[in-house]
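The values are calculated or read from the model by the stated rules, or taken from the named source; none is laboratory data. For clarity, every value in this text was computed on a predicted model and none was experimentally measured. Cβ coordinates were reconstructed from backbone atoms using ideal geometry, including for glycine residues, and neighbour counts include every protein chain displayed. With ligands, DNA and RNA removed, areas are computed over all heavy atoms of the protein, side chains included. Shrake-Rupley method; radii C 1.70, N 1.55, O 1.52, S 1.80 Å.
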Amino acid sequence: MNILLTGGAGYIGSHNYVALLEAGYQPVILDNFANSHPEVLKRLERITGQPATCERGDVRDRPFVEAVLRRHEIGAVLHFAGLKAVGESVREPLAYYENNVAGTVTLCQAMAAAGVFRLVFSSSATVYGEHNPVPYREDQPTGEPTSPYGKSKLMVEQLLQDLQRSDPRWAIAVLRYFNPVGAHESGLIGEDPNGIPNNLLPYVSQVAVGKLKELAVFGDDYPTPDGTGRRDYIHVVDLADGHLKALQALETQAGLRTWNLGTGIGYSVLDIVRAFEQASGRAVPYRIAPRRPGDLAEYWADASKAQAELGWQASRGLDRMMLDTWRWQSGNPDGYR
Ligand code: NAD
Ligand code: WQD
């Protein structure tokens, strides 16, 4: 089956590309390269030994998306395309609503017109909001995400529910990612943020490689065992396996279903610093800084629903996440550029 990966040149999409090809699917990338680099296509060709198919364009361009769906006889769409920087979304909310919400509306319209009704959507643990008890379970009510980014993910979840109720042909998987980290074991593809990284792992790895001086640990007075924030870090290749399982579930059953993709384990910022030092053999100097506005103390997934219904479970532990991040970072200190 031919699968369209919107945002397939990005961090998570590119790892899904490799997993899909290995599983016998034919992935087609659609990306506007707003937050990725065409070099990733050459890297994908080196990993897979096959030419990569990519359509350069925008999910907000309905005629273009519809033409791509028809031309490649697409059977299902994995929808990664969107903007993801929480702080930027506060400064530029309209860009987030336009790319993430309007982009998904346009994509779904193009899919319906082309007769494609299978969709996997990249959602986020941020939809649980601030007040849910941990571990987060899919049957908990969603909360009120604090950022426009988080709200855009919740809005898309809600519009997809309405869409599926309106037309039972739709088979939709909503996947709530926790904190994706790591890289493909080849060291050829990985996360390549523009400018100073916002997220912990890219920051830590750039400190270790010498590009940044020291990590600012945002708060050491949280009600957690060592006072620093705790998160559920998940290896990006495990995440890609979860997409494969969700895609297979859509092939046999319509409806909208939601799954957490996390490990069920929370690690603190200082756990990450120590594990990264161990994996890289480099020091990661840090200083304690004030809390970052909007951050929660701790959360992790209850990952049992995906295990029971999809037979999926993350298998790569913290050491592997750190080793693979380091292999990518040390081999590509300037990312794809
Ligand atoms: P990424 O920025 O690396 O990848 C997104 C890709 O989409 C990029 O290649 C970008 O160029 C492309 N893109 C953006 N807007 C587009 C548009 N309008 N038309 C076509 N292409 C467009 O991000 P990622 O980390 O790979 O995240 C993928 C998805 O997963 C996003 O929807 C993100 O919100 C979601 N997600 C990510 C995380 C995370 O921590 N990385 C966590 C939860 C959810
Ligand atoms: C992790 C921990 C920080 C950077 C974000 C989005 C979420 C999802 C994943 C997309 C926290 C601490 C971080 C630094 C630090 N993305 N930290 N110093 O905030 O859990 O989640 O990315 O959907 O929606 O909100 O990830 O990697 O930014 O932070 O101390 O320089 O590391 O305070 O405890 P977060 P993160």
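Please report, ordered by residue number, the helices (runs of 4 or more DSSP H) entirely within the range 99-211 with at least 2 residues that are open to solvent by less than 50 Å² (accessible area, probe 1.4 Å) and away from ligand 2 (no atom under 12 Å from the Cβ).
Details: elements: 103-114, 148-166, 200-208.
Here the list reads 103-114, 148-166.
Scanning the range 280-322 for residues that are over 22 Å from residue 138 (Cβ atoms) and open to solvent by less than 50 Å² (accessible area, probe 1.4 Å), which turns out nearest to the chain's Cα centre (by Cα)?
Here is the first cut: in the range 280-322, the residues over 22 Å from residue 138 (Cβ atoms) are 280-295, 316-322.
Right, trim to open to solvent by less than 50 Å² (accessible area, probe 1.4 Å) and you get 280, 284, 289, 295, 317-318, 321-322.
Numbers: 280: 24, 284: 25, 289: 27, 295: 18, 317: 18, 318: 18, 321: 15, 322: 17 Å.
Applying the filter and picking the extreme gives 321.
Looking at (1) free of Cβ contacts under 8 Å to residues at least 12 places away in the same chain; (2) closer than 18 Å to residue 173 by Cβ; (3) of a type in the set (A, V, I, L, M, F, W, C), which is the one condition that is false for residue 67?
Residue 67 satisfies every listed condition except (2).
Are there any pairs, at least 6 apart or on different chains, whose C-beta atoms fall under 6 Å, with the first in the range 16-29 and closer than 12 Å to residue 247 by Cβ and outside any helix (DSSP H, G or I) and the second at pLDDT below 95 and open to solvent by less than 10 Å² (accessible area, probe 1.4 Å), and if so, which?
Here the result reads none, with nothing in the range 16-29 linked to a residue that is at pLDDT below 95 and open to solvent by less than 10 Å² (accessible area, probe 1.4 Å).
What's the number of the condition residue 89 fails, among (1) more than 24 Å from residue 26 (Cβ to Cβ); (2) open to solvent by 20 Å² or more (accessible area, probe 1.4 Å); (3) among the small types (Gly, Ala, Ser)?
In the conditions (1) more than 24 Å from residue 26 (Cβ to Cβ); (2) open to solvent by 20 Å² or more (accessible area, probe 1.4 Å); (3) among the small types (Gly, Ala, Ser), residue 89 misses (2) alone.
Which residues, taken from the range 46-78, are open to solvent by less than 70 Å² (accessible area, probe 1.4 Å) and in a helix (DSSP H, G or I)?
Once the filter is applied, which keeps residues that are open to solvent by less than 70 Å² (accessible area, probe 1.4 Å) and in a helix (DSSP H, G or I), the range 46-78 yields 47, 48, 64, 65, 66, 67, 68, 69.
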